[in-house]
Amino acid sequence: MARKKIALIGAGNIGGTLAHLAALKGLGDIVLFDVVEGVPQGKALDLSQCGPVEGFDATITGSNDYADIAGADVIIVTAGIARKPGMSRDDLVRTNADIVKQVSLQIKQHCPNAIVLVVSNPLDVMCWVAKQVTGFPRERVIGMAGVLDTARYRSFLAEALDVSVEDIQAMVLGGHGDTMVPLISYTTVSGIPVSQLLDKAKLDKIVDRTRNGGAEIVAFLKTGSAYYAPSAAAVQMVESIALDKKRVLPCAAWLEGEYGMSGLFLGVPCKLGRSGLEKIIEVDLTREERDALAKSADAVREPMAAVKL
Ligand code: TXD
């Protein structure tokens, strides 16, 4: 069986970490693409030399030529600029929209059948740019944010409860911004509703820290944004697609009436398998959660209006 081909557009912090994780998990051969000359080639060579030590055979190559992504099964787009302290994700909108537009035209030309995972910020808006420009169906344009936001929420909960992170099941829906919606009513510790284990004040604090989880890291790093957990989150999505695992994960998906909304990308529970987005799962929400999701959708529509395609 031929190995899958994974193309990474953007060989920055996330691109490089993604290449390493995807190779370690044996998900396929990897092409790292970037506009900066030498960086993807250098990173690819360095990463290839992990193979003998870590025991992977995947080929990892670097390129500045889009022709080299041809035939990719899955493409992860991290191209763009990252946040600096004091910047919101929406501050990136114009610069990154132009970049993601250029990237999407190339994807359309060289990989018309690929599944595209978007990571660049502001996430939900960049997903829309990629979908509009490629013209791909919604099954093949999916955004990564919910897995990361949920991982932050799960890790803060595990810390507060002094239990294993593995035993926290949760989902954070909505846009990838301050209005994201951690679903307390669906948060459990091995099936035990979290509200039985933590009081409301503590839960509210954790929800708040989750919403600002990205900014907390940007404030420390100063020169860029988080990349280890974002990479791990994107790789989990690729794994579900490449191995047809059909995992149910919170992802940004193009809504066509689900949750009473249409015409935007928003974080919702999705089943990911070999054809990409295989199903959007609609769950019952409390009135508060529904209102919060609608507010989050408004926060996604606003920067969309600032983009000319
Ligand atoms: O949850 C999420 N979705 C996110 C998103 C979590 C964390 C970070 N998130 C966003 O991902 C972040 O705000 C950025 O927009 C992207 C990439 O973050 P990363 O930390 O990898 O940024 P880098 O290190 O600056 O890398 C970006 C690379 C860099 O090497 C540029 O040269 C390249 O993108 N770049 C391009 N590549 C291809 N084509 C074009 N046009 C291009 N322009 C810049």
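The values are calculated or read from the model by the stated rules, or taken from the named source; none is laboratory data. Since the model is a prediction, treat every value here as computed from it, not as a measurement. Neighbour counts run over all protein chains shown; Cβ positions are idealised from the backbone, glycine included. Side chains are part of the model used for accessible areas, which takes the heavy atoms of the whole protein and leaves out ligands, DNA and RNA. Shrake-Rupley method; radii C 1.70, N 1.55, O 1.52, S 1.80 Å.
Is there a residue in the range 31-44 that is β-branched (Val, Ile, Thr), out of contact with any His (no Cβ under 9 Å at 6 or more places or on another chain) and more than 9 Å from the ligand (Cβ to nearest atom)? Within the range 31-44, one or more residues are β-branched (Val, Ile, Thr), out of contact with any His (no Cβ under 9 Å at 6 or more places or on another chain) and more than 9 Å from the ligand (Cβ to nearest atom). Residues in the range 18-27 that are in contact (Cβ under 8 Å) with a residue 60 or more places away in the chain and surrounded by 21 or more Cβ atoms within 10 Å (Cβ to Cβ): Leu18, Ala22, Leu27. The residue pairs whose first member lies in the range 105-120 and is in contact (Cβ under 8 Å) with a residue 12 or more places away in the chain, whose second member is of a type in the set (S, T, N, Q), and whose beta carbons are closer than 7 Å, counting only pairs six or more residues apart or on different chains, are Ile107/Thr134; Lys108/Thr134; Val116/Thr134; Val119/Thr78; Ser120/Thr78; Ser120/Asn96.
The set of residues in the range 182-210 that are open to solvent by less than 70 Å² (accessible area, probe 1.4 Å) and within 29 Å of Arg83 (Cβ to Cβ) comprises Pro182, Leu183, Ile184, Thr187, Leu203, Asp204, Ile206, Val207, Thr210. Beta carbons closer than 9 Å, at least 6 apart along the sequence or on distinct chains, pair a first residue in the range 210-239 that is in contact (Cβ under 8 Å) with a residue 40 or more places away in the chain and charged (D, E, K, R) with a second that is open to solvent by 10 Å² or more (accessible area, probe 1.4 Å) and within 12 Å of the ligand (Cβ to nearest atom) for Lys222/Lys84.
Out of the range 133-165, which residues are more than 22 Å from Gly273 (Cα to Cα), in a helix (DSSP H, G or I) and more than 18 Å from the chain's Cα centre (by Cα)?
Val133, Phe156, Leu157, Ala158, Glu159, Ala160, Leu161, Val165
Is it true that Pro122 is within 14 Å of the ligand (Cβ to nearest atom), of a type outside the set (Val, Ile, Thr), buried (at least 20 other Cβ atoms within 10 Å of the Cβ) and in the same structural domain as Val39 (by TED's automatic domain parsing)? In short, yes.
With respect to (1) at pLDDT below 95; (2) farther than 19 Å from Ser231 by Cα; (3) part of a loop (DSSP other than H, G, I, E, B), the lone exception for Asp91 is condition (3). Restricting Asp65, Asp149 to those that are at pLDDT 95 or above, charged (D, E, K, R) and under 19 Å from Trp254 (Cβ atoms) reduces the list to Asp149.
If a residue has to be surrounded by fewer than 17 Cβ atoms within 10 Å (Cβ to Cβ) and under 13 Å from Ala306 (Cα atoms) to count, how many in the range 91-106 make the cut? Total meeting the criteria: 4.
For the range 140-177, the tally of residues that are on the phi > 0 side of the Ramachandran plot and surrounded by 16 or more Cβ atoms within 10 Å (Cβ to Cβ) stands at 1.
Being at negative phi, in contact with a Leu (Cβ under 8 Å, 6 or more places away or on another chain) and of a type outside the set (D, E, K, R) is the requirement here; does Gly263 meet it? Here the answer is no, as Gly263 does not meet what is asked. Pairing each residue of the range 34-46 that is farther than 16 Å from His20 by Cβ with any residue that is within 6 Å of the ligand (Cβ to nearest atom) and not acidic (Asp, Glu), provided the two are 6+ apart or on different chains, yields no C-beta distance under 6 Å.
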